[in-house]
Amino acid sequence: MPLPLAPLGGILLRYGAVAIAGYALSRRVRTTHFDLRAEDAMDDVGEGLGLRRTNRQVNGAGRIRRVFRLGRGTAGLEVDVTALGRIRFRKV
């Protein structure tokens with residue numbers, strides 16, 4: 001009995017297109033420098049959301065940390081999302 005290759009060809013073509021697009025995207029992304037001051041500032045942010053307002057600017061910070069485990073006694077994966085933001089108003 002012959003093996004139908006037409007469905008397999010479509011699947012290979014689709015995955016090949018995704019792989020080529022991912023490779024092209026990875027070549028276009030620029031690398032940036034590692035700023036230790038920014039890393040320290042993000043580590044100092046407490047969990048939750050916070051806003052601070054002065055006369056000329058609004059600062060906001062938020063952090064969510066969670067640990068996911070597949071079962072009891074297994075190694076987990078910690079997800080730490082930190083965001084810092086600033087909106088500044090100036091007359092020009």
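The values are calculated or read from the model by the stated rules, or taken from the named source; none is laboratory data. In this text the structure is predicted, and so the values were computed from the model without any measurement. Using ideal geometry, Cβ is built from the backbone for each residue, glycine included, and neighbour counts are taken over all protein chains shown.
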Evaluation of residue 86 against (1) on the phi > 0 side of the Ramachandran plot; (2) under 20 Å from the mean Cα position of the chain (by Cα) (one fails), failing number:
(1)
Can you name the residue in segment 57-85 that is surrounded by fewer than 10 Cβ atoms within 10 Å (Cβ to Cβ) and of a type in the set (D, E, K, R) and is also farthest from residue 40 (Cα to Cα) among such residues?
72
Please go through segment 53-82 and pick out each residue that is in contact (Cβ under 8 Å) with a residue 12 or more places away in the chain and of a type in the set (Gly, Ala, Ser).
60, 61, 62
Residues being farther than 23 Å from residue 79 by Cα and either acidic (Asp, Glu) or within 16 Å of the chain's Cα centre (by Cα) (or both) - total across segment 27-47:
2
Going residue by residue through segment 11-33, is there one that turns out to be of a type outside the set (Asp, Glu), touching a Leu at 6+ places or on another chain (Cβ under 9 Å) and modelled with pLDDT under 90?
no
